[in-house]
Amino acid sequence: MKTPNQLIIRRYPKSENKSLRSFSAADELIEEYIETENIALRAPVLLNDRFGYLACNFHKFSPISIVNYKSQEKALRQNMLDNSISIIEQNIIFPFDKINHEVEIAIVKVPKSLDLFRLQLQKLSKCLGENSQVICGFMTRHFSKQMLEIAGDYFEEVEQTKAKKKARLIILSKKKKTQSNSLFNEITFGNKTIKQYFGVFSANKIDQATEFFLDNLNVDSSADVILDLASGNGIIAHAIRQQNANAEIHLVDDSYLAVESSKLNLKDENTHHHFSDSLENFTPEFFNLIVSNPPYHFEYETNIEVALDLFKQVHKKLKTSGHFQMVSAVSLNFKTHLTKLFSKVEILAENDKFIVYDCVK
Ligand SMILES: C[S@@+](CC[C@H](N)C(=O)[O-])C[C@H]1O[C@@H](n2cnc3c(N)ncnc32)[C@H](O)[C@@H]1O
């Protein structure tokens with residue numbers, strides 16, 4: 001997609017779905033507000049700039065992008081390269097990295113997870129000055145009163161702008177001195193307590209599909225190299241570790257906060273956590289067993305393309321006769337895709353909502 005400034009912003013990963021866009025009216029409104037209000041940008045901090053629209057448009061002000069997802073980092077780098085914008089390595093940072101200067105302006109695309117919004121404002125407010133402002137953009141259909149409540153926990157002044165093209169801004173200023181410091185949710189499941197940072201999949205309780213999967217997983221005790229793909233807080237890998245004390249277990253997730261959470265829940269030497277949106281760093285035929293509750297939502301979008309691409313990678317990285325076990329909503333009908341890749345696809349369990357497949361390479 002071409003921006004009003006003639007930059008080309010592409011989605012990563014690519015999508016065949018033409019209705020999925022690489023920026024929104026909320027991005028454009030942020031840009032317009034900064035111009036009309038004559039706001040001086042000096043190394044502004046950008047959050048949830050999914051494909052790098054804001055980083056590319058504001059590049060001459062040396063923005064600092066706080067990147068939540070490996071796929072977001074790849075999109076940002078690709079779009080900067082495509083628009084001949086040089087990348088300043090220290091300006092691409094991750095949610096728990098420290099910012100060592102006072103931030104005057106931060107720009108936040110409000111995420112779907114308002115827990116994540118809270119975590120971001122909490123972290124951000126530590127490096128804001130007395131006169132700093134936070135400009136938050138969102139589409140009006142995603143507005144919730146809770147956004148204002150959370151903003152009000154961290155800032156004295158919370159003002160909304162008028163809507164334009166179904167987008168709106170909230171401007172936050174005068175940060176509060178005392179604030180809550182909580183960053184975690186805890187999920188109790190059986191006799192286990194799983195920790196996860198705000199914004200990680202399935203806050204407060206175990207996801208129903210995950211629970212159904214764990215009830216029906218069939219782990220061969222001889223599987224010694226195992227991957228939990230799209231591992232979230234690591235709950236599936238954790239259950240496997242209880243059954244198989246000696247296996248080498250790898251966890252892969254696109255979300256920085258998910259990986260940081262799984263590190264809290266599985267700490268042994270034979271468990272390896274990878275912040276990645278792909279299996280490109282593993283050699284072919286590496287695993288005996290891959291398990292997954294794969295993604296099919298991102299923020300407000302539903303899209304199975306990422307899952308289908310992951311299935312192809314799974315096939316490559318499994319040993320011959322290795323197993324891929326996964327859960328999904330019945331309605332997604334993944335079987336038609338899985339049978340094109342694997343020599344055998346069986347249903348291990350099914351109820352009215354979820355289905356567990358066992359695929360053999
Ligand atoms: C349905 S959740 C499952 C999380 C966890 N396994 C559970 O059952 O609670 C899907 C996870 O996929 C992750 N994800 C999305 N795209 C991914 C990708 N390309 N590679 C790896 N993980 C991805 C998301 O961050 C999310 O944590």
Discussion item. Pairs of alpha-carbon atoms within less than 8 angstrom and 6+ residues apart define the contacts here; what relative contact order does the range 94-225 have, in percent?
Written reply: 21
Worksheet item: If the limit is 26 Å between Cα atoms, which of Lys74/Lys267; Lys192/Lys316; Lys192/Lys267; Lys112/Lys205 go over it?
Response: Lys74/Lys267; Lys192/Lys316
Worksheet item: How large is the dipole of the chain about the Cα centre if only Lys and Arg carry +1 and Asp and Glu carry -1, each at its Cβ, rounded to the nearest 20 debye?
Response: 680
Worksheet entry | Candidates per GluC sites (Glu not before Pro) in the range 29-119, loop by DSSP, up to 13 other Cβ within 10 Å | Glu37, Glu102
Discussion item. Rounded, prolate or oblate, given the Cα gyration tensor of the range 185-360, with a/c below 1.5 counting as rounded?
Written reply: rounded
Discussion item. How high is the relative contact order of the range 185-360? Use alpha-carbon pairs under 8 Å, at least six apart in sequence, and give a whole percent.
Written reply: 19
Fill in: Difference of contour (0.36 nm per residue) and Cα-Cα distance, His272 to Thr36
80.1 nm
Practice prompt. Please order Asp49, Asp97 by the number of other Cβ within 10 Å, starting at the fewest.
Written response: Asp97, Asp49
Worksheet item: Ignoring the sites themselves, what is the longest stretch of the chain with no chymotrypsin sites (Phe, Trp or Tyr not before Pro) in a DSSP loop and at most 13 other beta-carbon atoms within 10 Å?
Response: 97-299
Discussion item. With an 8 Å Cα cut-off and a minimum separation of 6 or more residues, compute the relative contact order for the chain in percent.
Written reply: 11
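Throughout, read-outs are computed from the coordinates displayed, never taken from laboratory work. Note that the coordinates shown come from a computational prediction; the quantities given were computed from them, not determined experimentally. Note that we place each Cβ from the backbone using ideal geometry, even for glycine, and neighbour counts take in every protein chain shown.
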